[in-house]
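No lab work stands behind these numbers, since they all come straight from the coordinates. All figures in this text were calculated on a predicted structure; none of them were measured in a lab. Heads up, the Cβs are rebuilt from the backbone with ideal geometry, glycines too, and the neighbour counts pull from every protein chain shown.
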Amino acid sequence: MTAVVVSSVTKIFNQGRTDEVAALSDVDLEVRDGEFVSLIGPSGCGKSTLLRLIADLIEPSTGTVTVAGQGAAKARKEQAYGIAFQQAGLFEWRTVLRNVELPLELRGLSKRERKARAEQMLALVGLEDFAGHYPAQLSGGMQQRVAIARALAVQPPLLLMDEPFGALDEMTRERLQSELLGICAKTNTSTVFVTHSISEAVFLSDRVVVMSARPGRITASIEIDLPSRDDAGRQSPAYFDKITEVRQALRGTPASAPSPRSSESAAAGTDAR
Amino acid sequence: MKRALYVLLGLAVAAALWEGYKVVGNPEGTVLFGVRILPRADDLSMPHLWTVLERLGRPELTGGRPVWIVVAQACLFTLGITAAGFVIGALVGLLLAVAMERFRVVERGLLPYVILSQTVPLVALAPLVAGWGGTIMPPWAVVSVIAAYLAFFPVAVGMLRGLQSPSASGVELMRSYAAGWWRTLVKLRFPSALPYLFPALRLAGAAAVVGAVVGEISTGTRGGVGRLIIEYSREATSDPAKVYTAMLGAALLGLVVAGLVSLLELPLMRHRRHVEVATL
Ligand SMILES: Nc1ncnc2c1ncn2[C@@H]1O[C@H](COP(=O)(O)OP(=O)(O)OP(=O)(O)O)[C@@H](O)[C@H]1O
Ligand SMILES: [Mg+2]
């Protein structure tokens, strides 16, 4: 079964008003089970909007979104995904530990189970010593890591992440990238990952989806097949080739495709392998 | 501890102002173009503080109980009325705020009337409440209702703001957890409303004291400090310090209520001791 199917989705904010914004136009996207898909594109091209559509936090103007074979609304009600927003969005009155426990609480886990799982997740993001702190006592990057731990805590079949590593230093970022890959591989999690970093997208993904702005649409979909996802992978020629390819797609001058439209349909064609 | 010191400091400043004005103020008051702009500073209008304190120790009437016991008892009676009014008012305010947050229609329809309710003069309202409720309620309960009428307002308005204060991202997060209205209220809206609730409760406490004292006066309820103020003020020409003992009691009552309300805050705002929270 496919994890996510977005078919001919258009999203227009404030339709019919003077401040109308066409955020997404005719977007098709498929994420296979266990696949890691990155969304990359200029600021304001609708990456967050697409993620929120999949999460059923907003509704498409036209088109349909399917998650795990059912409508997005139904999937949300069954808590079929975990999400980490662009802003950490922690609850300031809860300690770090209790913030991570929140989704577990809402799923009705026992107190002991919750605590164990939350502590494990905090250790994963390297914050086990800050369990008793309040969010306001943490740096921006630390808050972001708490939000990642919170998204991972429920071990969802689908992970939606919006620039989760944006506020992190390079070393922490690389460590969390490996951790994330490990988790996704071990639990066969499907992931939609928004990022501004080309190298991050290429390193993590099975597929990089390139978007362009005004109106937001998908202009390319690049399959990535690195020999390995570790330091050796980061130095392989395939890695650098793909980085170049994504960069060209972002510039809108891919050598292989004359226009964004045809490259999109070409990409859609290669999807169904 | 520090708080208590500030309260004492405030009292000292108030006392110094009172006595200071008596020293520099014109005993006949300052009159400008026939309008008295500053009050009389003579001993009849503004008795010395020590006269008031000394009056507290003497009997109310010759051979009766000392004034301070009478005032303290009256204050306790009024404190009971205030507490009942405060609790009723706070609960009504909370319920209204939750209802207004839940349904936009209720907010649109109700909020103007909530605000309007406070523009009705209390002295006009009190006899009405006494007239309607007097047949089914004891007099003290009628006064509690009047206190509640004043106390519910800050809670309703402050709490509504608090319940609406969570950011869109917080609401979206709860939505992503498939949390319904009730769980969003309990886990998100209510905790984020607490910094708004406590200042509102403090206002409600003060309003409940005013409501209780004025309610006692305008319904003629016996036993409370409001009644005492009226009774003692009749003797103002012969015994000016006496009415001030009752007023002192009413002021202390206000302080006690404010203190009790801020005690509520301690267990519920644990994270405040760790981090500063921006309010209002
Ligand atoms: N709630 C909203 N109401 C109106 N317009 C919106 C809303 N949310 C997003 N938009 C508009 O939709 C467009 C896409 O926004 P979106 O947040 O998806 O961009 P993004 O690709 O995530 O950008 P960034 O990389 O800067 O995060 C923007 O032009 C934005 O103005
Ligand atoms: Mg975004």
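Note: relative contact order over the stretch B:67-266, using C-alpha pairs below 8 Å and six or more positions apart, is 31 percent.
Report, to two decimal places, the Cα Rg of the stretch A:170-258 normalised by 2.2 N^0.38 Å (N = number of residues).
Values: Rg = 13.6 Å, N = 89, 2.2 N^0.38 = 12.1 Å.
Dividing the Cα Rg of the stretch A:170-258 by 2.2 N^0.38 Å gives 1.12.
Suppose R0 equals 56 Å; then what is the FRET efficiency for residue B:132 and residue B:43 from their Cβ-Cβ distance, rounded to the nearest 0.05? Numbers along the way, then the final one.
On the way: r = 44 Å, r/R0 = 0.79.
It comes out at approximately 0.80.
Using helices alone, what [θ] at 222 nm do you get for chain A, with -39,500 (n - 2.57) per DSSP H run of 4 or more residues, divided over all residues and rounded to the nearest 500? Walk me through the numbers before you get to the answer.
Numbers: 10 runs with 110 residues, N = 273.
That comes out to -12000 deg cm²/dmol.
Arrange the following residues from fewest to most other Cβ atoms within 10 Å of their Cβ: B:120, B:23. Mind dumping the intermediate values first?
Details: B:120 11, B:23 7.
In order of increasing Cβ crowding within 10 Å: B:23, B:120.
Using just the helices of chain B, give the 222 nm mean residue ellipticity in deg cm²/dmol: DSSP H runs with n ≥ 4 each add -39,500 (n - 2.57), and the total is spread over all residues, rounded to 500.
Theoretical 222 nm ellipticity from helices: -24000 deg cm²/dmol.
Tell me, how many Å apart are the Cα centres for the stretch A:106-176 and for the stretch B:62-100? Comparing the Cα centres of the stretch A:106-176 and the stretch B:62-100, I get a distance of 48 Å. In the stretch B:38-58, which residues have a backbone nitrogen under 11 Å from the label point lying 7 Å from residue B:222's Cα in the Cα-to-Cβ direction? From the stretch B:38-58, the list is empty. Mean sequence separation of contacting Cα pairs (under 8 Å, at least six apart), scaled by the length of the stretch A:1-143, corresponds to a relative contact order of 21 percent. Please state the relative contact order of the stretch B:1-138 as a whole percent: Cα pairs under 8 Å, 6+ residues apart? Result for the stretch B:1-138 is 9 percent. With the largest listed first and rounded to whole Å, the semi-axes of the equivalent ellipsoid of chain A from the Cα gyration tensor are 31, 23, 17.
Among A:101, A:179, sorting on how many other beta-carbon atoms sit within 10 Å of each Cβ, with the fewest leading, yields A:179, A:101.
What Kirkwood hydrodynamic radius, in Å, does the stretch B:67-266 give when the mean of 1/r is taken over all pairs of distinct Cα atoms and then inverted?
Details: mean 1/r = 0.0552 Å⁻¹.
Hydrodynamic radius (Kirkwood, Cα pairs) of the stretch B:67-266 is 18.1 Å.
Positive-end ranking of B:111, B:130, B:268 along the dipole of chain B, with charges on Cβ about the Cα centre, is headed by B:268. Taking every DSSP beta bridge that has both ends in the protein assembly as shown, the antiparallel portion is near 60%.
Once you have the Cα-Cα distance between residue B:141 and residue B:238, take 0.36 nm times their residue separation minus that, and quote the gain in nm to one decimal.
Working: separation 97, 0.36 × 97 = 34.92 nm, distance 3.41 nm.
Extra length available between residue B:141 and residue B:238 comes to 31.5 nm.
Taken over the stretch A:134-181, the percentage of Cα pairs per 5 Å bin, counting from 0 up to the bin with the maximum distance, is 5, 19, 32, 26, 13, 5, 0.
If you run the Gaussian network model on chain B, springs between alpha carbon atoms under 10 Å, then out of B:74, B:179, B:204 the most flexible one is B:179.
Quick one: if the Förster radius is 35 Å, what FRET efficiency do residue A:7 and residue A:199 give, using the C-beta to C-beta distance and rounding to 0.05? Approximately 0.70, to the nearest 0.05.
For the pair residue A:128 and residue B:123, label points projected 7 Å from Cα toward Cβ lie 7.1 nm apart.
Ordering B:212, B:25, B:167 by Cα displacement along the dipole of chain B toward the positive end leaves B:167 in first place; charges were set at the Cβ atoms of Lys, Arg (+1) and Asp, Glu (-1).
Comparing A:119, A:174, A:20 in a Gaussian network model of chain A (Cα springs below 10 Å), the most mobile by mean-square fluctuation is A:20. By the rule of a C-alpha distance below 19 Å, with chain neighbours fewer than 8 residues away ignored, the aspartates and glutamates paired with residue B:22 are B:42, B:43, B:54, B:239. Can you list the aspartates and glutamates whose alpha carbon sits under 18 Å from that of residue A:242, skipping same-chain ones fewer than 8 residues off? Once the sequence-local aspartates and glutamates are set aside, what remains near residue A:242 is A:35, A:200, A:206, A:223, A:225, A:230, A:231, A:264, A:271.
Placing unit charges on the Cβ atoms of the charged side chains and taking the dipole of the stretch A:2-86 about its Cα centre, the candidate lying farthest along the positive direction among A:2, A:45, A:55 is A:55. Of all aspartates and glutamates in the structure, those lying under 12 Å Cα to Cα from residue A:47, and not within fewer than 8 positions of it along the same chain, are A:162, A:163. Each of A:183, A:218 was scored by other Cβ atoms within 10 Å of its Cβ. Arranged with the fewest first, they read A:183, A:218.
At the listed q of 0.05, 0.08, 0.12 Å⁻¹, the Debye profile of the protein assembly as shown, built from one uniform point per Cα, gives log10 I(q)/I(0) equal to -0.36, -0.71, -1.12.
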